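Encoded as structure tokens, the structure appears first; notes follow it.
The values are calculated or read from the model by the stated rules, or taken from the named source; none is laboratory data. None of these values were measured; they are calculated from a predicted model. Heads up, the Cβs are rebuilt from the backbone with ideal geometry, glycines too, and the neighbour counts pull from every protein chain shown.
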2 protein chains.
Amino acid sequence: MTQSYKIGIIGFGTVGQGIAEILHLKRKSLEETYGFRFQVVGIADPVKGMVYNPEGLDLAKALEAARSGTRLEDLGIGEAGWDSLKLIREGALDILLEITPTNLQTGGPGLTHLREALSRGIHVATTNKGPIALAYPELKALADQHGAILKFEGTVLSGTPVFNLRAYGLPAASIREIRGIVNGTTNYILTQMAQGKSYEEALKEAQAKGYAETDPTADVEGHDALAKAVILANVILGGSLHPDQVPCTGITGITLEDVQTAQQEGKKWKLIARAWVEDGTVKAEVRPQKIGPEDPLYAIDGVMNAVAFETDVLGSVTIVGPGAGSWEAGYALLSDMIEIHRILQTRR
Amino acid sequence: MTQSYKIGIIGFGTVGQGIAEILHLKRKSLEETYGFRFQVVGIADPVKGMVYNPEGLDLAKALEAARSGTRLEDLGIGEAGWDSLKLIREGALDILLEITPTNLQTGGPGLTHLREALSRGIHVATTNKGPIALAYPELKALADQHGAILKFEGTVLSGTPVFNLRAYGLPAASIREIRGIVNGTTNYILTQMAQGKSYEEALKEAQAKGYAETDPTADVEGHDALAKAVILANVILGGSLHPDQVPCTGITGITLEDVQTAQQEGKKWKLIARAWVEDGTVKAEVRPQKIGPEDPLYAIDGVMNAVAFETDVLGSVTIVGPGAGSWEAGYALLSDMIEIHRILQTRR
């Protein structure tokens with residue numbers, strides 16, 4: 001059955017633009033295949049600007065403005081003066097796409113946006129790891145209380161399916177342990193080191209290619225992987241861990257000599273995010289581990305990511321795919337919206 | 001919402017017993033988590049026997065009989081005289097589990113069973129490749145016409161999700177090409193040859209471990225992989241290929257020297273099943289290919305299987321998991337039944 005959704009986008013950086021491009025390109029096939037119709041009625045971004053049009057914004061023009069540096073409110077495609085909170089409170093949204101930067105200490109503005117939206121019954125798709133890592137049980141309860149659906153496929157492995165794989169591909173399977181290579185930057189650096197480069201050289205190369213930030217701390221100290229380990233533990237294993245409770249070691253202590261010694265043993269150093277159940281308690285950790293070819297994560301090199309599930313009925317099942325990128329993460333939001341649409345169809 | 005299903009099982013070999021064990025073990029959690037209640041009312045197998053009880057069979061006793069060699073009708077747990085067709089026609093089934101052996105020439109009794117069930121509106125979950133490879137478009141139309149649901153996750157990669165991954169993990173993604181290592185026997189043999197064994201030695205070892213049949217033709221000549229390539233092409237890419245139209249080369253022409261030459265080049269020979277769209281036409285093939293470490297299938301060794309999807313939005317996404325086994329294939333049927341249950345909930 002066809003249904004139409006009013007969508008608001010908060011955060012119009014590379015991922016926000018990625019989902020806008022995908023929505024623009026797939027508009028016709030989304031309606032034909034899924035009965036999913038949409039209007040993007042508002043976009044709010046502190047840098048790109050803010051604009052609102054209850055009849056739907058022209059996405060091609062909004063994307064062109066974001067690329068050329070024109071602020072959205074200067075485009076003449078809608079009303080100015082709509083900041084992110086006004087968009088949630090007064091924008092008559094059906095779905096909010098929350099794509100602001102991750103803040104693992106406070107949850108950042110994303111946590112406020114999610115609380116505001118869910119408490120109004122607005123469905124949410126987000127790629128923002130902060131709120132989900134810090135407050136998943138609270139946000140899930142808030143969503144349930146107000147009949148809202150909260151989806152966040154893009155918080156782990158971008159659009160490569162992890163949560164939908166568990167829900168629909170591995171239903172009724174009992175999962176004992178989840179292990180993943182969930183950070184592309186560190187995996188790229190370790191892969192380059194395995195080819196003989198020093199840590200410093202490899203980091204510089206990752207920065208030159210846009211895989212690592214100017215301040216690479218969040219990646220190389222393991223904080224990004226930590227957020228993902230906590231999300232996997234709390235969402236899939238039913239834990240209630242806070243990031244502060246989870247041991248986390250990054251890759252800055254790994255030397256070229258370590259990497260070369262491992263190679264001589266036929267092994268590789270990988271930064272492994274792990275969540276598991278031990279004596280009925282959900283645990284998680286992030287640390288570099290030396291793994292051999294028998295490990296399904298051994299072959300995952302460069303910026304590629306992977307998550308391996310240990311199940312009761314199938315043994316080990318591993319999904320391998322990209323973990324970042326504007327289209328890759330943007331697609332996660334589309335996948336989430338189709339899932340929201342599907343769940344809503346079952347409710348009628 | 002809780003719903004109860006009357007299930008019939010046709011084929012009570014290792015996979016039939018596998019799903020019976022899983023159903024028996026997970027009865028309580030299936031009801032609690034999914035609202036899925038069931039009674040297995042009939043089992044029909046030419047070797048293990050046939051039995052029917054409209055109040056539900058005692059699965060523990062049926063499994064014990066299958067292991068000990070007692071025929072099911074001699075157990076005293078239900079009525080005798082119920083062959084497979086009578087079970088479909090008079091058993092008041094909600095769901096049929098069709099688990100008879102694959103016949104790629106005629107579709108075998110499985111094709112008859114599926115037509116009989118679907119035309120009566122009985123939902124079907126099957127691991128039988130023959131009917132799906134030979135007659136998917138016909139069977140899908142028959143199912144739709146009679147309001148029945150046809151699921152067959154176990155025909156490719158046993159319980160490792162391929163079709164549910166595409167439907168729920170990669171929705172609205174356009175898929176250009178699917179490549180897979182979909183036969184564990186040949187992959188085991190090629191992996192052993194890479195360790196220096198001759199084809200004959202490796203085959204004998206595969207037979208000793210139960211990975212290869214006494215007559216290994218269906219595996220080593222690529223027929224099993226061919227069936228799976230056709231299923232992937234027709235189901236996921238919308239083709240209407242017949243197995244006879246698809247080029248198929250097995251691994252019997254691969255020598256130890258070929259394997260060793262590849263190794264010196266840093267490559268491996270793998271039996272690749274492939275389905276793709278070329279100039280708007282769906283094509284498929286099965287043949288050994290020499291692939292390098294950049295290929296997501298390169299690392300898939302031993303009896304492990306994998307399928308790689310080439311998508312527009314995510315690039316390459318690969319699922320890796322077991323491709324055979326009594327629990328692994330049995331679980332595919334459980335996954336299918338939960339999916340049938342989920343779809344039925346959306347219909348009310």
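Against the definition (on the phi < 0 side of the Ramachandran plot and at pLDDT 95 or above), how does residue A:204 come out, yes or no? For residue A:204, the condition - on the phi < 0 side of the Ramachandran plot and at pLDDT 95 or above - is met. Considering the range A:309-326 alone, what residues qualify as being closer than 25 Å to residue A:240 by Cα and more than 8 Å from every other protein chain (Cβ to nearest Cβ)? Result: A:309, A:310, A:311, A:312, A:323.
Among the conditions (1) within 14 Å of chain B (Cβ to nearest Cβ); (2) closer than 20 Å to residue A:275 by Cα, residue A:194 misses just one, which is (2). Consider residue A:276 carefully, then state whether it is within 14 Å of another protein chain (Cβ to nearest Cβ) and either within 22 Å of the chain's Cα centre (by Cα) or over 28 Å from residue B:319 (Cβ atoms) (or both). Here the answer is no, as residue A:276 does not meet what is asked. I'd like the full set of residues that are assigned to a helix (DSSP H, G or I) and within 14 Å of chain B (Cβ to nearest Cβ), limited to the range A:130-165. Scanning the range A:130-165 gives A:153, A:154, A:163, A:164, A:165. The residues of the range A:95-121 that are touching a residue at least 60 places away in the same chain (Cβ under 8 Å), among the hydrophobic types (A, V, I, L, M, F, W, C) and buried (at least 22 other Cβ atoms within 10 Å of the Cβ), listed by number, are A:95, A:96, A:97, A:99. In the set A:147, A:154, A:239, A:169, only one residue is outside the structural domain of residue A:272 (by TED's automatic domain parsing), closer than 30 Å to residue B:337 by Cα and crowded, with 17+ Cβ neighbours inside 10 Å; that residue is A:154.
Being on the phi > 0 side of the Ramachandran plot and under 24 Å from the mean Cα position of the chain (by Cα) narrows it down to one of B:266, B:250, B:315, B:302, so name that one.
B:302
The residue that is surrounded by the most Cβ atoms within 10 Å (Cβ to Cβ), among those in the range B:182-210 that are closer than 12 Å to residue B:301 by Cβ and free of Cβ contacts under 8 Å to residues at least 40 places away in the same chain, is B:192.
Listed by first and then second residue, the pairs linking a residue in the range A:167-179 that is within 13 Å of another protein chain (Cβ to nearest Cβ) and within 18 Å of residue B:157 (Cα to Cα) to a residue that is assigned to a loop (DSSP other than H, G, I, E, B) and modelled with pLDDT of 95 or more, with Cβ atoms under 7 Å apart and 6 or more places separating them unless they lie on different chains, are A:169/B:161; A:170/B:161; A:173/A:312; A:173/A:313; A:173/A:314.
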